[in-house]
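Here is the structure we will look at, set down as structure tokens.
Every number here is computed from the coordinates shown, using simple stated rules; none is lab data. Since this is a predicted model, take the numbers as computed values, not measurements. Counting neighbours? That spans all protein chains shown, and the Cβs are built from the backbone with ideal geometry, glycine included.
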Amino acid sequence: MSTAARVVRCPNCGRKNRVPPTGRGRPDCGNCHSPLPWIADADDETFGEVAERATIPVVVDLWATWCGPCRMVSPALEKVATDLAGTIKLVKVDIDASPRLAQRFEVMAVPTLMVLDHGEILARQAGAANAPVLHNWITDALTRGSRPRTAAS
Ligand SMILES: [Zn+2]
């Protein structure tokens with residue numbers, strides 16, 4: 001089920017940790033207390049709790065099992081989630097298992113990627129990209145999103 005905890009190997013010390021899909025704050029290693037990559041699955045039922053009510057910014061990967069580019073983007077996103085451990089949470093949504101989310105976000109192409117902060121969409125793009133490009137896209141969105149809004153923007 002989509003609420004199952006994932007086992008994540010600590011990038012710092014190698015210890016395996018169970019990381020639940022929801023919770024306050026950010027997961028850290030039980031051994032060395034380094035931030036752990038936070039990767040969770042969500043669907044129509046769990047998206048609100050896993051993604052929109054997350055306490056840190058969320059990168060949403062709307063993907064499909066039949067989508068070739070998704071198989072390239074998923075490991076790239078997981079690498080970025082590891083590089084940005086403690087800063088973002090990666091939430092993967094299988095659109096065929098989540099028809100309400102696919103409709104709500106008007107997903108026309110997969111993969112569709114979004115950066116969310118407290119449920120607000122900071123950035124969105126469709127199509128594949130490599131890890132360095134995704135890393136820049138995400139950090140850019142977070143920098144812009146944290147800036148105070150002015151009348152001009
Ligand atoms: Zn560790």
Seminar exercise, completed: Note on the chain: alpha-carbon gyration tensor, axes a ≥ b ≥ c; rule is a/c under 1.5 for rounded, else prolate if a/b larger than b/c, else oblate; result rounded
For this session: Average the reciprocal distances over every distinct pair of alpha-carbons in segment 45-110, invert the result, and give the Kirkwood radius in Å.
Result: 12.5
Exercise. How do SER34, SER74, SER98 line up, fewest other C-beta atoms within 10 Å first?
Worked result: SER34, SER74, SER98
Exercise. Which GluC sites (Glu not before Pro) does segment 76-132 hold that lie in a coil by DSSP with at most 14 other beta carbons within 10 Å?
Worked result: GLU106
Problem set entry | Inter-label distance for MET108 and ARG18, nm, one decimal - labels placed 7 Å from Cα along Cα-to-Cβ | 4.4
For this session: Report the normalised scattering of segment 1-86 as log10 I(q)/I(0) at q = 0.10 Å⁻¹, calculated by the Debye formula with identical scatterers on the alpha carbons.
Result: -0.25
Exercise. Among ASN12, LEU113, TRP38, whose Cα sits farthest toward the positive end of the charge dipole of the chain (+1 at Cβ of Lys/Arg, -1 at Cβ of Asp/Glu, about the Cα centre)?
Worked result: ASN12
Exercise. Using +1 on the beta carbon of Lys and Arg, -1 on that of Asp and Glu, and nothing else charged, what's the dipole of segment 57-137 about the Cα centre, debye to 20?
Worked result: 60
For this session: Enter the Cα centre distance for the pair segment 62-107 and segment 1-57, rounded to the nearest angstrom.
Result: 15
Problem set entry | Test item: Cα-centred dipole of the chain, Lys/Arg +1 and Asp/Glu -1 on Cβ, debye | 500
Problem set entry | Per-residue Cβ neighbour rank within 10 angstrom, fewest leading, LYS89, LYS79 | LYS79, LYS89
